[in-house]
Structure formats: C-alpha cells, structure tokens
Amino acid sequence: MASNAKLSEDWSAAPEAPPLAYLQTNNILRSALPTTPSRNFRALVTEEGEFMGVRFTWQRVDGAQFPQPISDAFSQLATFAGLPRNWDSYGGGPLKQSAVATVIELIFAGHRQCAMPHLHPLSRGGVALTWQREGRELEVQVAGDGTLDALFDDETTGEEIEIPKKSTLDDVKPLLSKFFG
C-alpha cells in the first residue's frame, strides 16, 4: 500500500485525473457519513488550580467536573499535611511543602494511565506512592525535600529495578513508563 507521501506524488503527477478507486470510495462513504456536525462534540477546556501552594493545569471536556480520584488523593495529602508531630511514635512530621509538587505530578501521571496510586505518609514529611497491576508493583517514595527513590518489581519475570535515594523525577520517569507500558 502506498504511503501518504507516495500518494501525494501520484496526485502531483496527474492532477487532472484522480484515481478512479478514490472517487468510488468517496461515493460509497458519502451515503454513510453524516452531513451535519455531531451534537455530541464537546470542547476541551483548560483549567488551572492550586493545591497546597502548587499551581497546576489540566484539560477537561466542557461540562465535566474535576476528576474524583484526584480530589480524593488531594484530601489524603491534606490529611498528611495536618498530621501532628510524632504521629508515628518515631518523631514523624507532617507533609512538607517541598514534596507536594512532585507528588502531584506523580498523581496526575497515574491518573492519565487510569491507575491511581495508594498513598502513605512518610515520617520525614514525604509520601510513598504505590501502584500494583498484574504481578507488577512500583513504589515511589518522595522524601520531604522532594527527592525520590523507587523500586519496580515484576513477579512474572523476576525483574527488579531500584532507583537510589536523592534521585529526581527524571530519573524515575523510565520506571513509570515501564510500569504503565
């Protein structure tokens, strides 16, 4: 089958006589395709929001509400931010502002893949995010200073990949792709 580039070359070679098969296809499709625009079309709207001092944007279909799973995750984060000192009896503190932006980015990344993480507070003001799917597990720990470490485990293949402490989001992105891919 010819590529689009090849078809363009064919058309430019003989513009006065388009291929007969093309015209026949148009005649067949004309009766099957609607001639008026669909009324189900809804525009995408870009929205901005702020959570715990972090600004973010998202696109939604006009008329749709903010995704409930992300709202639920934000509620959990607000709870983590309100934890008292020594909440875990080991000197644990509340969620630190320096971790919030990275955690939000990871939550949105999971939501785009239809996989919300389980969230757990860490004693030094960070958050652990865990995804599990079909024998695979990915745990990303965002420390109170916003740095990360991660562990990917695939029980079906025995593969295990560890990203060391003090890593960045760019260091962890390949594991996200591997897990969601």
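Miscellaneous remarks
- Set side by side, the residues Phe108, Phe74, Phe66 differ, and just one is modelled with pLDDT under 95, loosely packed, with under 13 Cβ neighbours inside 10 Å and closer than 23 Å to Leu176 by Cβ, which is Phe66.
- Glu139 being within 24 Å of Asp171 (Cβ to Cβ) and either free of Cβ contacts under 8 Å to residues at least 24 places away in the same chain or among the polar types (S, T, N, Q) (or both): yes
- Of all residues in segment 114-144, those satisfying the criterion of being surrounded by fewer than 14 Cβ atoms within 10 Å (Cβ to Cβ) and assigned to a loop (DSSP other than H, G, I, E, B) are Cys114, Glu134, Gly135.
The values are calculated or read from the model by the stated rules, or taken from the named source; none is laboratory data. Keep in mind the model is a prediction, meaning the values are calculated, not measured. For neighbour counting, all protein chains shown are included, and Cβ atoms are generated from backbone atoms with ideal geometry for every residue, glycine included.
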